[in-house]
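Below is one structure, written out as structure tokens, with a few remarks after it.
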Amino acid sequence: MLMLFIWFALSCFSLVNAQESLPLSVHNWTEILYGEWMVEFYAPWCPSCQLVAPEWKRFAEIAPKHEVKVAEVDCSSEPAVAMIFTITSLPTIFHVKDGVFRNAKGKRKVEELVSFIQNREFELIEPTSWSLPPNAFYMPAVVRFLDLGLSVTKVNKALVNHGVPASLSILIVGTGVLASGAALGMLILCVCEYFCPPRPQILNVVGMEGEPPEPIVTKENDMERDSVLEDSEDGSWAEIKPPDAKEGDEDQDPPSLHRRRKVQK
């Protein structure tokens, strides 16, 4: 009875610690850039990938014992992720440690993969060089744009498969892309106009309505004004007219008023 209990406890412990391979997509692929990972790129239709699948599943279950995480990328459903890693053959297995990628060529069996980790054989392999490094700060945006472009292609294929002529399908997809781009541009423009309204000087230049900018008062042109405002003794502003001003001039348009503080003596 005791042996049965021990066997049951060990089985439960193994199930709890068992780890499955993490499927990667455009949403979570950046997780492999941190820590130590073994990543497989495969496709369901690939015969070689089908042979490696049982070995990879067993390796994923024992990987936590060797302090390594396991992930996989289905190149059929996530082509955007496969494109940034320039996958040319299937299956392809990468060892990734803190964003440094190494191609584990020829490692297909569980024993070979475990030995590759335990004996640190990956240190003997030259890191993979990229034209666009996956750990660059702009790569998530690149993957998103690639995925968006592939989604447009999928929509075009779906329309053709449903009997829509190819030329009409391209016209529909192109119109949708242009309309969405125009809508996004107008939204960005409205946001910029709301948070950063243009200055009146700019509106005058482009011929749009707006209040004229207030002229800049300098020391030279301040004395030439018809009237200025100076500080009075009680701290308020008082209007001072030039000596040659006439009473009949009050019916005319008031001159431009500018403020000039009283000079301290």
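Things worth noting here:
- Filtered by the rule that a residue be surrounded by fewer than 20 Cβ atoms within 10 Å (Cβ to Cβ) and closer than 22 Å to MET83 by Cβ, segment 27-51 gives HIS27, ASN28, THR30, GLU31, LEU33, TYR34, ALA43, PRO44, TRP45, CYS46, SER48.
- Flag: VAL70 matches the condition of being closer than 16 Å to ILE32 by Cα, under 31 Å from the mean Cα position of the chain (by Cα) and outside any helix (DSSP H, G or I).
- Within segment 20-67, the set of residues being assigned to a loop (DSSP other than H, G, I, E, B), over 30 Å from the mean Cα position of the chain (by Cα) and within 17 Å of PHE94 (Cα to Cα) comprises just one member, GLU67.
- In the set VAL114, VAL100, VAL142, only one residue is farther than 14 Å from VAL39 by Cα and either hydrophobic (A, V, I, L, M, F, W, C) or in contact (Cβ under 8 Å) with a residue 24 or more places away in the chain (or both); that residue is VAL142.
- Any chance ALA63 is surrounded by 13 or more Cβ atoms within 10 Å (Cβ to Cβ), under 21 Å from SER21 (Cβ atoms), of a type in the set (Gly, Ala, Ser) and touching a strand residue (DSSP E or B) at 6+ places or on another chain (Cβ under 7 Å): yes
- THR128 being outside any strand (DSSP E or B), exposed (fewer than 13 other Cβ atoms within 10 Å of the Cβ), over 23 Å from the mean Cα position of the chain (by Cα) and among the β-branched types (Val, Ile, Thr): no
- Scanning segment 79-103 for residues that are part of a strand (DSSP E or B) and out of contact with any His (no Cβ under 9 Å at 6 or more places or on another chain) gives THR92, ILE93, PHE94, HIS95, VAL96, LYS97, VAL100.
- Against the test of being under 30 Å from LEU148 (Cβ atoms), touching a strand residue (DSSP E or B) at 6+ places or on another chain (Cβ under 6 Å) and free of Cβ contacts under 8 Å to residues at least 60 places away in the same chain, the options LEU132, LEU24 yield a single qualifying residue, LEU24.
- Subset of segment 86-111 [of a type in the set (A, V, I, L, M, F, W, C), buried (at least 20 other Cβ atoms within 10 Å of the Cβ) and closer than 16 Å to TRP29 by Cα]: ILE93, PHE94, VAL96, PHE101
- Segment 79-99 - residue that is on the phi > 0 side of the Ramachandran plot and not small (Gly, Ala, Ser) and, of those, modelled with the lowest pLDDT: THR86
The values are calculated or read from the model by the stated rules, or taken from the named source; none is laboratory data. All values derive from a computational prediction rather than experimental measurement. Virtual Cβ from ideal backbone geometry, glycine too; neighbours counted across all protein chains shown.
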